[in-house]
Amino acid sequence: MTNRQLTLEQAAALVPDGAQVVMSGGMTAAPMAMLRALAKRRAKGLRAVGVVGGAINMDFLVGARVAASIDTCSVSLNPFHRDAPNFVRAIQTGRIRMFDNT
């Protein structure tokens, strides 16, 4: 029987630059280890989709300069912090595009 398990680095290598990545939007169940592996390999131009909303996962991708656009209804770090600082800064400077999917 062959081993079909991948390391996080191997899995991240399968995500091409410019891909659309979809994840849950809450503060729980965020795939942070995978997102960190994408940032570590310096993925570029990802379109991050948050279902329903975005949180630390979206803010991390923006801060790591991995996401070129965010498709979600909101990005917030509630209940810990009202605004997602990386996201707010990137929107204000025009570094990323936001698509509203409310």
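Readers should treat all values here as calculations from the given coordinates under stated rules, not as data from a laboratory. Model, not experiment: these values are computed from the prediction. Note that each Cβ is placed from the backbone with ideal geometry, even for glycine, and that neighbours are counted across all protein chains shown.
Some points to look at:
- The range 13-28 - residue that is aliphatic (A, V, I, L, M) and over 13 Å from the mean Cα position of the chain (by Cα) and, of those, surrounded by the fewest Cβ atoms within 10 Å (Cβ to Cβ): Leu14
- Any chance Thr72 is crowded, with 17+ Cβ neighbours inside 10 Å and among the hydroxyl-bearing types (Ser, Thr, Tyr): yes
- Subset of the range 35-55 [touching a strand residue (DSSP E or B) at 6+ places or on another chain (Cβ under 9 Å) and surrounded by fewer than 20 Cβ atoms within 10 Å (Cβ to Cβ)]: Lys44, Gly45, Arg47, Val49, Val51, Val52, Gly53
- Number of the exception - Gln10 against (1) in contact with a strand residue (DSSP E or B) (Cβ under 6 Å, 6 or more places away or on another chain); (2) polar (S, T, N, Q); (3) more than 23 Å from Thr102 (Cβ to Cβ): (1)
- The residue pairs whose first member lies in the range 66-94 and is charged (D, E, K, R), whose second member is exposed (fewer than 15 other Cβ atoms within 10 Å of the Cβ), and whose beta carbons are closer than 6 Å, counting only pairs six or more residues apart or on different chains, are Asp71/Phe99; Asp71/Asn101.
- Subset of the range 62-102 [hydroxyl-bearing (Ser, Thr, Tyr) and within 19 Å of Ala30 (Cα to Cα)]: Ser69, Thr72, Ser74, Ser76
- The residue that is nearest to Arg42 (Cα to Cα), counting only those in the range 10-24 that are part of a loop (DSSP other than H, G, I, E, B) and not β-branched (Val, Ile, Thr), is Asp17.
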